């Protein structure tokens, strides 16, 4: 949960970025150091190669499948745009996403307690933004799921995103939430961001149904990679 600022710009903003250790969520304490130390980027890092796709294979943007191999659940298109603090598009940057299936189950050996696996849904994509900083991912809407040993805390439907900067140390990991979900209000991860406007920046926008394909809903979301309006890490 520690904030990573892309391109080495600016210190962590305690108001607009997520609290690193969340009460009732033991994993956050285990994943965070007691003290954060800023590591400035050196000349070798700043002038290093930017071709992340040469190091990590792209997975494509259609993970819902089709025909007999289509995943179970509500088809959605996520229209994501990555911009900097001035609103300028960040083209050619690698975006990775992962999510639970429509029943709230991840494809992971540690997730085995409450919901079925969908044999047609892996739940991850890795793509590059185009020149306008945009990418569109075809998937299914993830389901809610209970957090183990948390006194009946359920995570609302959400999608994880990871965006890389020009070097491997420069990476933002965040989450996208869906509008109108009743589990958003009590969610401990969403509420770990103190500033209300920053929390709202994690909730995507539902586009009019007339703007999407006839068999899928469309959600639009923007990730700001640096500056005062940077998307909270989560």
>> Binning at 5 angstrom from zero up to the longest distance, how are the C-alpha pair distances of segment 43-163 distributed in percent?
In response: 2, 10, 18, 19, 16, 13, 10, 7, 4, 1, 0
> Quick one: length gained pulling residue 15 to residue 128 fully straight, 0.36 nm per residue minus the C-alpha distance?
Replying inline: 37.7 nm
> Based on DSSP H runs of at least 4 residues, each adding -39500 (n - 2.57), what is the mean residue ellipticity at 222 nm of the chain after dividing by all its residues, to the nearest 500 deg cm²/dmol?
Replying inline: -1000 deg cm²/dmol
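Say R0 is 35 Å: what FRET efficiency, to the nearest 0.05, do residue 153 and residue 59 get from their beta-carbon distance? Write out the running numbers ahead of the final one.
Working: r = 30 Å, r/R0 = 0.87.
Step by step, r from the Cβ atoms, then E = 0.70.
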> Regarding the chain, what whole-number volume in Å³ per residue does the convex hull of its Cα atoms give?
Replying inline: 138 Å³
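Multiplying the sequence separation of residue 32 and residue 217 by 0.36 nm and subtracting their Cα-Cα distance, what value in nm do you get? Write down the numbers at each step before the final one.
Details: separation 185, 0.36 × 185 = 66.60 nm, distance 3.65 nm.
That pair, residue 32 and residue 217, stretches by 62.9 nm at full extension.
Hey, what does the equivalent ellipsoid look like for segment 68-123, semi-axes from the Cα gyration tensor as sqrt of 5 times each eigenvalue, largest first, whole Å? Please report the intermediate quantities before stating the final value.
Numbers: eigenvalues 184, 38, 19 Å².
Square roots of five times the eigenvalues give 30, 14, 10 Å.
Report the relative contact order of segment 6-224, percent, no decimals, based on alpha-carbon pairs under 8 angstrom and at least 6 residues apart.
Numbers: 416 pairs, mean separation 57.3, N = 219.
RCO, segment 6-224: 26 percent.
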> Hey, rough spin-label estimate for residue 209 and residue 117, points 7 angstrom out along Cα→Cβ, what's it come to in nanometres?
Replying inline: 3.5 nm
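When DSSP assigns beta bridges and you keep just the ones with both residues in the chain, what percent turn out antiparallel, to the nearest 5? Intermediate values should be presented prior to the final figure.
Values: 29 of 39 bridges.
Beta bridges within the chain, antiparallel portion: roughly 75 percent.
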> What percentages, rounded to whole numbers, describe P(r) for segment 114-166 computed over all alpha carbon pairs with 5 Å bin width beginning at zero?
Replying inline: 4, 12, 21, 20, 15, 13, 9, 5, 1, 0
> Tell me, what are the semi-axes, in whole angstrom and largest first, of the equivalent ellipsoid of segment 107-234 as set by the roots of 5 times the Cα gyration tensor eigenvalues?
Replying inline: 23, 20, 17
> Say we join alpha carbon atoms closer than 10 Å with springs in a Gaussian network model of the chain; which of 103, 68, 57 then has the biggest fluctuation?
Replying inline: 68
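Rule-based calculations on the coordinates, nothing more; no lab input. The model shown is predicted, which means the values in this text are computed figures rather than measured ones. Please note: Cβ atoms are built from the backbone with ideal geometry, for glycine as well, and neighbour counts cover all protein chains shown.
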